[in-house]
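A.B. asks: Sharing a structure here in structure tokens format.
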Amino acid sequence: MTLNNDEDLERLKEIGRICANALQAMGEALELGITTAELDAIGRKVLEDAGARSAPELCYDFPGATCISVNEEIAHGIPGRRVIQPGDLVNIDVSAEKGGLFADTGASFPVPPVKTEIDRLCRDGKRAMWVGLKQVKPGQSLAAIGNSIGEFARKNRYSLVANLASHGIGRSLHEEPSEIATWPDPSERRRMTEGMVFTVEPFLSMGAQWAEGGDDDWTLYSEPRAPTVQYEHTVVVTRSGPLVVTLPG
């Protein structure tokens, strides 16, 4: 999507804020003994109370309002009976629609007791996302996002999952520009234009290089198995740089 008026921008900010509020509420509720289904219900209530609809349900008939992935699961985890245990690493991905516009956000949360290396991974996962976001400006190559995140990962001795990409968003959950690499991609030639809307969502890992399917139609697992985090914002390209719309408020 490319924004071309202030009304659409305000509507995008609204759904971005709703998604961020749901993510924040779920993160605050995350505790030992809660099930992922109970956590999902909290996110659903925030969305529905604000007049928004779950994007994965709406677009793909996903069996949950949000995606909740634990430990070896790194994306598209189905909320259910799984009980949160000490030391779990939980990724929550919230995307939703209101008034015909979509936004998408996500974060990873370590459950105490937290190992030093996992605490560092989470901190650096956020940093990697912002390294990519800082590349957002009109005329810049989309490849700059993956190049900068790749350099950050290399310097800090991490790997990047190279088949889970960022994507355009706005009037649908996934649209042009599609498949925006958050790792170095020499073939990327597209450039950012003012008003373009997309996500930045690197998957930073302590060894995984790929995401592979499992026993159900949705859940993706790290390959090879390794602690992996994802942090995600929806961003608008503006003359003054990145405008992040998925902030709570």
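None of the figures in this text is laboratory data; all of them are computed from the coordinates on show. Worth saying up front: this structure is predicted, and the values here are computed from it rather than measured. A quick note on method: Cβ atoms are made from the backbone with ideal geometry, for glycine too, and the neighbour counts reach across all protein chains shown.
A.B. asks: Using mean Cβ contacts within 10 Å as the protection proxy, how do 18-25, 46-53 order, highest first? Intermediate results must be reported in sequence, preceding the final value.
C.D. replies: Working: 18-25: 24.2, 46-53: 18.0.
The peptides rank, most packed first, as 18-25, 46-53.
A.B. asks: List every residue whose amide H lies under 5 Å from the amide H of G77, counting only residues 5 or more places away in sequence or on a different chain, with H placed 1.01 Å from N in the peptide plane.
C.D. replies: Those lying under 5 Å, H to H, from G77 are I68, S69, L220.
A.B. asks: Compute the signed sum of charges (Lys and Arg +1, Asp and Glu -1) over the other residues within less than 12 Å, Cβ to Cβ, of R82. Mind dumping the intermediate values first?
C.D. replies: Values: positive: R81; negative: E38, D40, E72, E73, D88.
Every neighbour counted, the sum reads -4.
A.B. asks: Moving on to the next point. What does the charge count near A103 come to, summing +1 for each Lys or Arg and -1 for each Asp or Glu among other residues with Cβ under 14 Å from its Cβ?
C.D. replies: Net local charge, A103 excluded: -3.
A.B. asks: Would you list H167, H76 from fewest to most Cβ contacts within 10 Å? It would help to have the intermediate numbers written out before the result.
C.D. replies: Values: H167 18, H76 23.
Starting with the residue having the fewest Cβ neighbours, the order is H167, H76.
A.B. asks: Run the numbers for D49 and K137: contour at 0.36 nm per residue of separation, minus the present Cα-Cα distance, in nm.
C.D. replies: Working: separation 88, 0.36 × 88 = 31.68 nm, distance 3.43 nm.
Result: 28.3 nm gained on full extension.
A.B. asks: Something else: Among all lysine pairs in region 6-244 that are eight or more places apart or on different chains, how many have alpha carbons less than 18 angstrom apart? Display every interim value, and only then the final one.
C.D. replies: Numbers: K13/K98; K45/K98; K115/K126; K126/K134; K126/K155; K134/K155.
Within region 6-244, the lysine pair count is 6.
A.B. asks: Would you list M192, M26, M206 from fewest to most Cβ contacts within 10 Å?
C.D. replies: Working: M192 22, M26 25, M206 16.
If I rank by nearby Cβ atoms, fewest first, I get M206, M192, M26.
A.B. asks: Another question, then. If R0 is 35 Å, what FRET efficiency do you get for S240 and R157 from their C-beta distance, rounded to 0.05? Before the final figure, lay out the partial values.
C.D. replies: On the way: r = 34 Å, r/R0 = 0.96.
For R0 = 35 Å, the calculated efficiency reads 0.55.
A.B. asks: Quick check: Cα centre of region 29-86 to Cα centre of region 183-249, how many Å?
C.D. replies: Cα centroid to Cα centroid, the span is 19 Å.
A.B. asks: While we're on this one: Return C122, C59, C67 ranked ascending by Cβ neighbour count within 10 Å, so the fewest neighbours appear first. Don't skip to the answer; put the middle values down first.
C.D. replies: Numbers: C122 20, C59 15, C67 26.
By the 10 Å Cβ count, ascending: C59, C122, C67.
A.B. asks: How do 123-129, 83-89 rank on mean C-beta neighbours within 10 Å, highest first? Could you put the intermediate results ahead of the total?
C.D. replies: Numbers: 123-129: 19.3, 83-89: 15.3.
Averaged packing, sorted descending, gives the order 123-129, 83-89.
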